[in-house]
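The values are calculated or read from the model by the stated rules, or taken from the named source; none is laboratory data. In this text, all values refer to a predicted model and were calculated from it rather than measured experimentally. Neighbour counts run over all protein chains shown; Cβ positions are idealised from the backbone, glycine included. Ligands, DNA and RNA are excluded from the accessible area calculation, which covers all protein heavy atoms including side chains. Shrake-Rupley method; radii C 1.70, N 1.55, O 1.52, S 1.80 Å.
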Amino acid sequence: MSERWRTIVTTVENKPGVLARVASLFSRRGYNIHSLAVAPASDERFSRITFTVDVEGTPLDQVVKQLNKLINVVEIHELDPDQSVERELMLVTVRSDGRRRELMEIVEEFQAFVLNEGEECVMLSWSARPVRLDELEQRLRPFGIVELQRTGRVALPSLDR
Amino acid sequence: MSSNPTNGGEALVRSLEMQGVDVMFGLPGGAILPVYDSIIESSIRHVLVRHEQGAGHMAEGYAHATGRPGVAMVTSGPAATNIVTPLCDAYLDSVPMVCITGQVPLAAIGTDAFQECDTTGITMAVTKHNFLVTDAQDIPRIIHEAFHIATTGRPGPVLVDIPKDIVDPANPRSKMSWYEPTDADMELPGYAPLTAGDPALIGEAAKLIASAERPVLYVGGGVLKARAAEALLELAELLQIPVVTTLMARGAFPDRHELCLGMPGMHGNYTAVTAMQQADLLVSLGARFDDRVTGKLDGFAPDAKIIHVDIDPAELGKVRQYNVGIQGDCRLVIEELITATRALGADAQAERTQWRSMVSGWQEKFPLVYQDSAPGDRLKPQFVIEQLRDNNPADTILASGVGQHQMYASQYWKFDHPYTWINSGGLGTMGFSIPAAIGAKAGMPDRRVWAVDGDGCFQMTAQELVTATVENIPIKVALLNNSYLGMVRQWQEMFYDERFSEVHLSDTCPDYVKWAEAMGCEAIRVESPEEVAPAIAKANEINDRSVVIEFRTDARENVFPMVPSGKTNSEILVDPSQQGLLS
């Protein structure tokens, strides 16, 4: 992962408007969010928000401290890319007409899943490290990408051995 | 109110009473009507303002003067948007304030109902926190939380938006069973402000101070918010280190003290600006390296190491990298620094006689100066402030608007007591002074309160003098009328080749004396220097109503010293009569 993107994981109160507060803070202070994933945590009183921020032009230390000032932000961690596991999910619809076998070889190579098949297109899903998703995307591009949706990354710290 | 509340409206008023609120400022309207019905029986004094912005600034003035949170209450929609300016003002100056706004009934939210606006959405970026209450049962707890958040950590404004149905006894949604909320009831898992400083860092700071040869204590508004003025005096005297007090900290250290250098920054005096610039150590206490203090950042205090103390960790390193950064309450940290300094021993401090004599040399060479007005000319604004200063007790509370008069007041008044200077520093809100002075007087009725205002500012909020008259909160207003938006005029003269664009208000309109009289005030117009002191004396004798003195001042006068925007503090412009003395 390039040094430019850093991942921040926050635990916030699961209340209306909390995401708006976070987004408003980023916009007001001119911070750049690269990706954002939000969902309730295992304890439903809280949600986890995972951000990737562009640290070129955005001081990471300030992002963390300013987020921490939001009353609804309970916990905040910056994840060290070397000591965490990151995943992102991609859904992609690709043209398959005439090159179906070639396409299936790539699906096999990446161990992606075929979710849906049409006459001229195939819908795939794959979850992996974001750089690996980039690689798959590059490989699929020559076939013709019809639609593509990525979720933004989520991450957890690696376990001690 | 005697029996326990049974509905949201009563619960709200009781909750405010329980917080010790004695005065609140507001204006009723549709969505907040049920709460106003409950106020009739309350012990809280409600001051009925003439514009919601006035309510907000009054709450701020009250908080500045008393140290207690100011409270404002207004209705939904336009009332809520009218109070956005004071909220932002309080946010930038860290003023503890709780603002209650009415909201359309829960079911109507999101339907573009009459007088509906997204109050919590609009005020998100200008409050420390805000709440939309959706259940009457939550009211006591949320009001408790609101006051807790407003007054602890870095203080700030908190807004509580309350839909009409949950406070309206005619609506079943307003039913609630009363409880007295305690800290244990608060549901704020993400809020736990630290107060004491890290002892290891305090020790490091004490050593860094001891070894500094050219240190300056850089004191900001946080010292006042932390009620740390006494501790600061002890620390400064113990260390014998000169002190600068920023615009937000005037009065935190006595101006007449030999260690006091006064205000630094864009219109700071030469010595305060230059001492910071030449320092080898800045001990920043509750200050935030604001651009009006630092000038061009990469040329600011180039040789100084930085000790930065602030209760808000996000301030540490935000603007200027520190050598020692201490998160903590200024009073506690200063007390810890005193202990740590004593532990180092009296002879631990570096030799500073040379530094002290450099500083006093600047003070002698570059005092604040202005030229007396020529006979027949309009008054010099500096002269008016000096006369006000010399004809009022030292504990007089001075509230200021924004512009040239604000800078003259900060420069020429001698602030020897904390909590006597009330102004809009961060946001620079014109029209601040009159409502802020009224709020201060409401909180401190036994103190003399003067507002220093400009003619531009006066025209923005003067209607609150009607509030002062009707509510019997007499203040005194020194209106420095130069017929211009003076500070803008100064910039156009100095930086836009004297191309004056839309800054001349009017030499004749309005008639301030008639206007003030119409609002129930005593009004005096002063045009010559010999009338100044007698007019002030007359104003000080009148205590049963507000007094407005219109001083006709000279529009050609500019505020000096000045560090032009974008320049470093080393490029300070002193008064033209002193410019030749700069080496």
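Table: residues versus (1) touching a Cys at 6+ places or on another chain (Cβ under 9 Å); (2) within 30 Å of B:Tyr419 (Cα to Cα); (3) in the same structural domain as B:Gly401 (by TED's automatic domain parsing).
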{"site": "B:Val71", "(1), (2), (3)": "yes, yes, no"}
{"site": "B:Ser76", "(1), (2), (3)": "yes, no, no"}
{"site": "B:Val84", "(1), (2), (3)": "no, yes, no"}
{"site": "B:Gly110", "(1), (2), (3)": "no, no, no"}
{"site": "B:Gln115", "(1), (2), (3)": "no, no, no"}
{"site": "B:Thr127", "(1), (2), (3)": "yes, yes, no"}
{"site": "B:Asp135", "(1), (2), (3)": "no, no, no"}
{"site": "B:Pro140", "(1), (2), (3)": "no, no, no"}
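Scan B:Gly376, B:Gly428 and give me the residue that is at pLDDT below 95 and either under 24 Å from B:Leu259 (Cβ atoms) or not hydroxyl-bearing (Ser, Thr, Tyr) (or both).
Result: B:Gly376 is the single residue among B:Gly376, B:Gly428 that is at pLDDT below 95 and either under 24 Å from B:Leu259 (Cβ atoms) or not hydroxyl-bearing (Ser, Thr, Tyr) (or both).
From A:Gly144, A:Gly118, A:Gly152, A:Gly98, grab the single residue that is of a type outside the set (D, E, K, R), outside the structural domain of A:Tyr31 (by TED's automatic domain parsing) and within 30 Å of B:His129 (Cβ to Cβ).
None of the other options fit; the residue is A:Gly152.
Would it be correct to say that B:Arg545 is within 18 Å of B:Trp450 (Cα to Cα) and either open to solvent by 30 Å² or more (accessible area, probe 1.4 Å) or not assigned by TED's automatic domain parsing to the domain that holds B:Gln387 (or both)?
yes
Quick check, is A:Thr10 within 11 Å of another protein chain (Cβ to nearest Cβ), among the hydroxyl-bearing types (Ser, Thr, Tyr) and buried (at least 17 other Cβ atoms within 10 Å of the Cβ)? Break it down stepwise before answering.
On the way: within 11 Å of another protein chain (Cβ to nearest Cβ): yes; among the hydroxyl-bearing types (Ser, Thr, Tyr): yes; buried (at least 17 other Cβ atoms within 10 Å of the Cβ): yes.
Against the criterion (within 11 Å of another protein chain (Cβ to nearest Cβ), among the hydroxyl-bearing types (Ser, Thr, Tyr) and buried (at least 17 other Cβ atoms within 10 Å of the Cβ)), A:Thr10 qualifies.
Does the range A:65-88 hold any residues that are open to solvent by 70 Å² or more (accessible area, probe 1.4 Å), closer than 23 Å to A:Leu25 by Cβ and under 16 Å from the mean Cα position of the chain (by Cα), and which are they?
A:Glu78
Give the residues of the range B:489-537 that are surrounded by 14 or more Cβ atoms within 10 Å (Cβ to Cβ) and among the β-branched types (Val, Ile, Thr), sorted by residue number.
B:Val503, B:Val513, B:Ile524, B:Val526, B:Val532, B:Ile536
Does the range B:378-394 hold any residues that are assigned to a loop (DSSP other than H, G, I, E, B) and surrounded by fewer than 13 Cβ atoms within 10 Å (Cβ to Cβ), and which are they?
Answer for the range B:378-394, where residues must be assigned to a loop (DSSP other than H, G, I, E, B) and surrounded by fewer than 13 Cβ atoms within 10 Å (Cβ to Cβ): just B:Pro393.
Could you tell me whether the range B:465-476 includes any residue that is buried (at least 24 other Cβ atoms within 10 Å of the Cβ), assigned to a helix (DSSP H, G or I), in contact with a Ser or Thr (Cβ under 9 Å, 6 or more places away or on another chain) and not basic (Lys, Arg)?
Looking through the range B:465-476, at least one residue is buried (at least 24 other Cβ atoms within 10 Å of the Cβ), assigned to a helix (DSSP H, G or I), in contact with a Ser or Thr (Cβ under 9 Å, 6 or more places away or on another chain) and not basic (Lys, Arg).
Need the failing condition index for B:Gly110 against (1) open to solvent by 40 Å² or more (accessible area, probe 1.4 Å); (2) in contact with a Pro (Cβ under 9 Å, 6 or more places away or on another chain); (3) within 14 Å of chain A (Cβ to nearest Cβ), just the number.
(2)
In the range B:170-180, is there at least one residue being open to solvent by 70 Å² or more (accessible area, probe 1.4 Å) and in a helix (DSSP H, G or I)?
First, the residues of the range B:170-180 that are open to solvent by 70 Å² or more (accessible area, probe 1.4 Å): B:170, B:172-173, B:175, B:177, B:180.
Restricting the remaining residues to those that are in a helix (DSSP H, G or I) gives B:172-173.
Taking every residue of the range B:170-180 in turn, at least one turns out to be open to solvent by 70 Å² or more (accessible area, probe 1.4 Å) and in a helix (DSSP H, G or I).
Could you pull out the residue among A:Ile106, A:Ile145 that is in contact with a strand residue (DSSP E or B) (Cβ under 7 Å, 6 or more places away or on another chain) and touching a residue at least 12 places away in the same chain (Cβ under 8 Å)? Before you say what the answer is, go through the steps one by one.
Values: A:Ile106 fails: in contact with a strand residue (DSSP E or B) (Cβ under 7 Å, 6 or more places away or on another chain).
When all the criteria are applied, what remains is A:Ile145.
Only helices (runs of 4 or more DSSP H) wholly contained in the range B:14-99 count here; list those with 3 or more residues that are touching a Ser or Thr at 6+ places or on another chain (Cβ under 8 Å) and open to solvent by 10 Å² or more (accessible area, probe 1.4 Å).
B:84-92
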